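The values are calculated or read from the model by the stated rules, or taken from the named source; none is laboratory data. Since the structure is predicted, the reported quantities are computational estimates derived from the model, not experimental observations. Here the Cβ positions follow ideal geometry from the backbone for every residue, glycine too, while neighbour counts run over all protein chains shown. Accessible surface areas use protein heavy atoms only, side chains included; no ligands, DNA or RNA. Shrake-Rupley method; radii C 1.70, N 1.55, O 1.52, S 1.80 Å.
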Amino acid sequence: MRSWTDTLRFAFQPVVNLMTGGVAALEILVRPETGDILAEARRDPELDGRLAVAAFRAAVRKETLLPLHVNVFAGTLADLGGLRGLHDAVREAGRMPWEVTVDVCPPYTHVPRQALLEAVTALRGQGFRICADGVGDGDAPLRLLTDLTPELVKLDASLLARPAAVRAMRVMCDELGALLSVEGVETESQCAAARSAGAQLAQGELFAPPARLPAADVYVPPGSAGVVPAPRSGPSVRQFVRPAALLPATASAGQVRALLTGSPDVSGVLLVDRDGVPVRSVHRSRFLLSMSGRYGHALYADRPALKLGDPPRTVGADATAWEVLDVVAVGGPGRTSDDVAVVDARGRCVGVVRLSDLVRALAESRVEEAAGLNPLTRLPGSDAITGEVDRRIADGRAFTLSWLDVDHFKQVNDGAGFAAGDELIRAVGRALLRTAAGSTRVGHIGGDDFLVLTDPEELDPLAASVLDESWSAGGRPVTLSLATVVCAPGSVPDHRQAAAWLAPLKKAAKTLHGASWVLGRVGVPGHEVRRGSDRATAPAG
């Protein structure tokens, strides 16, 4: 008589790191030959729990060293109070629980909230990582999502049509200390949208379809020029995490050698204690060199690998790329190629980062930043400012967006010469930068036009710094016009709407005589004239 397991097959789909282009993990998908076993599993928690164990064991048979994602319905966890069978299977296979992420899948309706949270707490206590799956297309309440405090949130690709929602989820993930992934990515435009909205991971047919064998190679489109630049503090190390090759601290040198020779892509092995805390780092080249020397195998094969390792270099999961470079620099020139272990709040290894990934990404960000600078003022262009506007909108922050330009600039160029006009523009840019404080961002969008993004309380000093100045070009007096729109939290969905509110204010400022400043507020009719006078009533001359 055939068992229900005889009709099951499993497929593997890679979860791709959008920053490094590497495979971060494998999701194990159930592929029954007959019937709809997933529908049965939704109704039968015991069956769903056994499916999770069977999926894990199928992955172990493929001898993959990558972290794994196992799907379990939320109702299953609430009913069973955890996954004891999965924990036993992981231990029997010699894997670490923190190498397995439990993807908690919808539906959540009618699932006892407290029972689910207690089950998730039990899984975490065993070492498993938690992912909230099906967000955006499922029924996961935001309050439950924050209570779960997952290490990963998976969004449905349909949300990419609503980039503001994805950016908002990225902000929430940052607050929770979670990574953001997008499922079901099928096109390069979707991949670019996921990157631009802040997703760090993705999976879908574009990268690699589900397959019976774990994918050795994946296709990742090159980074888009429209990606929002990383904050000045540097990109998070989470964006560069690769799976770590882990062995217990008791492993012999022979076991390490077998792992390295069987996995040419592994650059090093971390030896961890029972809790998953790194105790030694074994570098591939140095280790194999020791083993390949005269009598090396005879001397070391049966000895503890600890003796051929170095103290591990570690950073917290909340570190920035620049902080990782500081750790690499302290380690001395002989260890610059060593992997750096990324550890969670308990000191457990959650992956490694490679120096080559960091250097390449930071170099690319500097090139992109330089390419976006205006050659005259060396100020960033509109993309940098509008990208920051969208971040503040997603953060729910109030801000002001201002447009500053020189009155009758063509006449200035025609009368005083283009060199005098260029020097005037540079002088205005320097004045804006001198006054810019705190979170103020200044951009030069071309010609005589500047964009200034600032907090409302920083606006008055900045306006005074340019409007109170006596400007001239080639001995000719010059005035400036300033238009400002104040955006309260939630008043605009994106930078395009903020710019649309700003445009008529600029037009109004240009109708005034002398140095002018017009201020408006999103959603409020009319505007306030803070500087300048109507040309009809202006004095002659």
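Below is a table of values for the structure above.
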item: Share antiparallel - DSSP beta bridges, the chain, percent rounded to 5; result: 60
item: Carbon/sulfur fraction of accessible area - the chain, other protein chains in place, 1.4 Å, %; result: 54
item: Computed lengthening from Glu186 to Ser337, 0.36 nm per intervening residue step minus Cα-Cα distance; result: 50.9 nm
item: The chain: DSSP helices with Cα axial extent of at least 15 Å and average Kyte-Doolittle hydropathy no lower than -1.0; result: 45-61, 113-126, 163-176, 355-371, 382-395, 418-435, 495-510
item: The stretch 1-144, accessible area per residue, ligands and nucleic acids excluded (1.4 Å, Å²); result: 43
item: Anisotropy class of the stretch 27-165 from Cα gyration tensor, a/c 1.5 cut; result: rounded
item: Sparse-neighbour loop sites [chymotrypsin sites (Phe, Trp or Tyr not before Pro); the stretch 455-522; at most 10 other C-beta within 10 Å; DSSP]; result: none
item: Reach of Lys410 by Cα under 30 Å, taken over lysines that are not fewer than 8 positions away in the same chain; result: Lys506, Lys507, Lys510
item: Tail fraction, Cα-Cα pairs, the stretch 412-495, threshold 19 Å, whole percent; result: 43
item: Mean ellipticity per residue at 222 nm, deg cm²/dmol - from DSSP H runs of n ≥ 4 across the chain, formula -39500 (n - 2.57); result: -11500 deg cm²/dmol
